[in-house]
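The values are calculated or read from the model by the stated rules, or taken from the named source; none is laboratory data. Note that this is a predicted model, so its numbers are computed, not measured. Note that each Cβ is placed from the backbone with ideal geometry, even for glycine, and that neighbours are counted across all protein chains shown.
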């Protein structure tokens, strides 16, 4: 958490709030958030004077694109961005402050302190960590059922574990993999190499439907996720399987069960998702 829909929602929100603003100064209050460069003063100085031209996303990573720099930001568990007036009180757990020339500030807060920031020249971010080995973007046109099958159909790993691997498909986390597998009627422990062509088509459709529905709803506020304006997502009210252990399946009424797959708590319906 957050997963692709939440990060995409933050991206869209921030685009409307910070694009066109010029950074006057940067203040880093928690040095370990900054992973590149390793000199915090250099990070602060290099960003000063640059104008934000776009906000992009790669998997679960935000890309704050400036005229001559790109900031890659990973929110991890509880990272949040918010735009404030420079005179607003700085809240607890605020770790990085980007002050703009118009008197507003973009502030990064992170209670768990797991978030990261990497600074690159444009284009370099795709050649180095953390973006260099990321897989397919499921919301792009190149993500087809055939491509999904070709990447995974020879692998004997459990399908849920394969879908969570960011080197194959990016942005999918525990919530949305459970939801997509349920919609596709596929047991999370099925080896990927046992899925039929029809099941790959169903799974592809379920991934797209689940992600698009979640983005439309602004993501899922399961724990503490909010977008760049402090608003909660609403997709948690549409979850069909995740977090519903012992509740009746919406399709058949059978109690939903929870197991551990690849070290992750996994919800499924043993009647609708048979492990064949």
Give me the residue from the stretch 203-242 that is at pLDDT 90 or above and either on the phi > 0 side of the Ramachandran plot or buried (at least 19 other Cβ atoms within 10 Å of the Cβ) (or both) and, out of that set, nearest to the chain's Cα centre (by Cα). 211
Residue 111 vs (1) modelled with pLDDT under 95; (2) within 25 Å of residue 53 (Cα to Cα): all pass except (2)
Which residue out of 152, 134 is under 19 Å from the mean Cα position of the chain (by Cα) and touching a residue at least 12 places away in the same chain (Cβ under 8 Å)? 134
Can you find even one residue in the stretch 140-147 that is under 16 Å from the mean Cα position of the chain (by Cα), in a loop (DSSP other than H, G, I, E, B) and outside the structural domain of residue 22 (by TED's automatic domain parsing)? yes
Go through the stretch 160-196 and give me each residue that's in a strand (DSSP E or B) and under 16 Å from the mean Cα position of the chain (by Cα). 169
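Scanning for something closer than 17 Å to residue 4 by Cα and not assigned by TED's automatic domain parsing to the domain that holds residue 39, does the stretch 110-128 turn up at least one residue?
no
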Across the stretch 20-40, what is the total count of residues that are free of Cβ contacts under 8 Å to residues at least 40 places away in the same chain and either part of a helix (DSSP H, G or I) or within 21 Å of residue 124 (Cα to Cα) (or both)? 4
